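Taking it in order: structure first as structure tokens, then the write-up.
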Amino acid sequence: MKLVIKMWKGLINKYKKYLPVKNDQKIITLNEGNTPLIKADWLSEKYDFDLYLKFEGANPSGSFKDRGMTLAVTKALEENSKAIICASTGNTSASAAAYGARSRLKTFVVVPKAKIAKGKLSQALIYGAQIIPIKGNFDKALEIVRKLTEKHALTLVNSLNPFRIEGQKTAAFEIADQLKNNELDILALPVGNAGNITAYWKGFKEYYNENIINYLPQMFGFQAAGSAAMVKEKIIKNPDTIATAIRIGNPVNRDKARNAMEESNGLFDSLTDEEIKEAHYLLASKEGVFVEPASATPVAGLIKLSKENKKDLTNKKIVAVLTGNGLKDQEFVLDNYSLPNSIEGDFKTVENFINI
Ligand SMILES: *Cc1c(COP(=O)(O)O)cnc(C)c1O
């Protein structure tokens, strides 16, 4: 008897029908996607909604960026590119560096020298990308990278690259497939450069148009108060927040994101760093799901809407997209919560220390 091993071979393999790839194209993959959808029992009970967490931190480089990167790098190779480049608040550089290593394309990452989580930087370093730290923020880095790609034969792998959006839309397919016949009312996610909200909306609409689902969720985009460019409808000159992944003042996908919000009858809202920190803590301590601060933003947003009675979320089926893994930003935890002092390493001392 022949043994058939059913293995997940990545999202391009799974959703090829909906993606711009040729059948004989060599695919650069780390078997990304197929991330867990986890019922948030504690939060659902407390706030009277029906909340599920799409844990994108389970992707190979620890964030949803891998969904777009597998396609962007596969296409770069198809187009005979010699090198890829991105500007990044951290996760795009980690992902580009991983897929760059796998494809053997030279990889350049331009990052703000400060305000990048060390976990992300160490990823880019060990994957072997050429790291270019600049004295300036993400928006400045992106401006430079865009100019470079206009002038030189480099493939831009930021979310301006349409293949990034195409790859990322598969997360909407996965959620719909995971929910089976259950209709999703609301999708909540953090918004930085606004590529992901654009991608999700595209994905849900495509499934709807193919008659695979008969609903379209409302898109709720949440930002940090210090970098709330979509909420305030302006460019934020000096964006600031603890949620470094969304510390972006001039989202490049602004128009598409606004369209997604309006077409879906959704909303944009912003959260203070305190509110984000609280949701980050609740996700870990009540649900057992450790995310990076930016990823807690949609949960903070849902809690806020529920507390302020701004929207009736009662019994609504909601998916919050948890974009990145908590292990990427350990400094945030260690800076904000204190470890206990050490004690003598003998049985009695440890036994006395334990209070049951
Ligand atoms: C990139 C990123 C975001 C923001 O996504 P956009 O597509 O830029 O809006 C949010 N959270 C994490 C962890 C990210 O890496």
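The values are calculated or read from the model by the stated rules, or taken from the named source; none is laboratory data. Keep in mind it's a predicted model, so treat the numbers as computed, not measured. Don't worry about glycine lacking a Cβ; one is built from the backbone with ideal geometry, like all the others, and counts go over all protein chains shown. SASA here: full protein model, heavy atoms, side chains in, ligands and nucleic acids out. Shrake-Rupley method; radii C 1.70, N 1.55, O 1.52, S 1.80 Å.
Given a 1.4 angstrom probe, what's the average accessible area per residue across the chain, in square angstrom? Don't skip to the end; give the middle numbers.
Values: 16810 Å² over 356 residues.
Per-residue value: 47 Å².
If R₀ is 30 angstrom, what is the calculated FRET efficiency for the pair Leu334 and Ile132, using the beta carbon separation as r and rounding to 0.05? It would help to have the intermediate numbers written out before the result.
On the way: r = 27 Å, r/R0 = 0.91.
Computed FRET efficiency for Leu334 and Ile132: 0.65.
Could you rank Asp139, Asp273, Asp24, Asp240 by how accessible they are, 1.4 Å probe, largest area first?
Working: Asp139 30, Asp273 55, Asp24 135, Asp240 80 Å².
Descending order: Asp24, Asp240, Asp273, Asp139.
Give the residue from Val110, Asn34, Ser95 lying farthest towards the positive end of the charge dipole for the stretch 24-139; charges sit on Cβ (+1 for Lys and Arg, -1 for Asp and Glu) and the dipole is referred to the Cα centre.
Val110
Could I have the simple spin-label model distance between Glu78 and Lys6, label points 7 Å from Cα toward Cβ, reported in nm to one decimal?
Those two pseudo-labels are separated by 2.8 nm.
Can you tell me which aspartates and glutamates have their Cα less than 14 Å from the Cα of Lys147? Leave out same-chain residues fewer than eight positions away.
Within the straight-line limit of under 14 Å, Lys147 reaches these aspartates and glutamates: Asp139.
Among the aspartates and glutamates, select those whose C-alpha is under 14 Å from the C-alpha of Lys311, and discard any that sit fewer than 8 residues away in the same chain.
Straight-distance partners of Lys311: Asp48, Asp185, Asp269.
Among bridges DSSP assigns within the chain, what percent are antiparallel (round to 5)?
Antiparallel bridges make up about 15 percent of those DSSP assigns within the chain.
With the contact rule set at Cα under 8 Å and sequence spacing of 6 or more, what percent relative contact order holds for the stretch 122-197? Before the final figure, lay out the partial values.
Numbers: 22 pairs, mean separation 14.9, N = 76.
Reported relative contact order: 20 percent.
When only C-alpha pairs under 8 Å and at least 6 residues apart count, what is the relative contact order of the chain, in percent? Numbers along the way, then the final one.
On the way: 718 pairs, mean separation 65.6, N = 356.
Computed value for the chain: 18 percent relative contact order.
Once you put a point 7 Å from the Cα of Arg102 and another 7 Å from the Cα of Lys151, both along the Cβ direction, what distance in nm separates them?
Between Arg102 and Lys151, the simple spin-label model gives 3.2 nm.
Assuming 0.36 nm per residue, please report the length gained on full extension of the stretch Asn238 to Asn182 beyond their Cα-Cα distance. Please list the in-between numbers first.
Numbers: separation 56, 0.36 × 56 = 20.16 nm, distance 4.19 nm.
Answer, rounded to one decimal: 16.0 nm.
Beyond a 22 Å Cα-Cα separation, which of these cross-linked pairs lie in this structure: Lys118/Lys237; Lys82/Lys151; Lys9/Lys39? Kindly include the intermediate steps, with their values, before the conclusion.
Numbers: Lys118/Lys237 24 Å; Lys82/Lys151 14 Å; Lys9/Lys39 25 Å.
The answer is Lys118/Lys237; Lys9/Lys39.
How large is the dipole of the stretch 159-263 about the Cα centre if only Lys and Arg carry +1 and Asp and Glu carry -1, each at its Cβ, rounded to the nearest 20 debye?
On the way: 12 positive and 12 negative charges, 104 e Å.
Taking the Cα centre of the stretch 159-263 as origin, the dipole is about 500 debye.
Say R0 is 22 Å: what FRET efficiency, to the nearest 0.05, do Asn309 and Trp42 get from their beta-carbon distance?
On the way: r = 21 Å, r/R0 = 0.94.
Result of the calculation: an efficiency of 0.60.
Kindly point out which whole DSSP H helices in the chain project their C-alpha atoms 15 angstrom or further along the helix axis while averaging a Kyte-Doolittle hydropathy of 0.5 or above.
Numbers: long enough: 65-78 (20 Å, -0.27); 91-103 (18 Å, -0.29); 138-151 (20 Å, -0.46); 195-209 (21 Å, -1.03); 273-287 (20 Å, -0.99); 293-307 (21 Å, 0.53).
Those that pass (Cα extent of 15 Å or more, hydropathy at least 0.5) are 293-307.
Starting from the 7 Å offset along Cα-to-Cβ, what nm value, one decimal, do you get for the label separation of Leu327 and Asn13?
Here the modelled spin labels are 2.2 nm apart.
How large is the helix-only mean residue ellipticity at 222 nm for the chain, computed as the sum of -39500 (n - 2.57) over DSSP H runs with n ≥ 4, divided by its residue count, in deg cm²/dmol to the nearest 500? Numbers along the way, then the final one.
Numbers: 15 runs with 153 residues, N = 356.
Mean residue ellipticity at 222 nm (helix-derived): -12500 deg cm²/dmol.
Given +1 on the Cβ of Lys and Arg, -1 on the Cβ of Asp and Glu, and no further charges, what dipole in debye does the stretch 258-355 carry about its Cα centre, rounded to the nearest 20?
Details: 11 positive and 17 negative charges, 105 e Å.
That gives the stretch 258-355 a dipole magnitude of about 500 debye.
State whether the stretch 1-158 is rounded, prolate or oblate according to the following rule on the C-alpha gyration tensor (a ≥ b ≥ c being the square roots of its eigenvalues): a/c under 1.5 gives rounded; otherwise a/b larger than b/c gives prolate, and the remaining case gives oblate. Walk me through the numbers on the way to the answer.
Details: a/c = 2.15, a/b = 1.20, b/c = 1.80.
Oblate, because a/c is 1.5 or more while a/b does not exceed b/c.
Quote the charge dipole size of the chain about the Cα centre in Debye, to the nearest 20; the model charges only the Cβ of Lys and Arg (+1) and of Asp and Glu (-1). If you can, show how the numbers build up before the last one.
On the way: 49 positive and 40 negative charges, 321 e Å.
In debye, rounded to 20, the chain gives about 1540.
Which whole-number percentage describes the relative contact order of the stretch 224-296, with Cα contacts under 8 Å and a sequence gap of 6 or more?
Working: 91 pairs, mean separation 23.5, N = 73.
32 percent.
Under 1.5 on a/c is rounded, so check that first for the chain, then, if it is not, pick prolate when a/b is larger than b/c and oblate when it is not; a ≥ b ≥ c are the square roots of the alpha carbon gyration tensor eigenvalues.
Rounded, because the longest to shortest axis ratio a/c is under 1.5.
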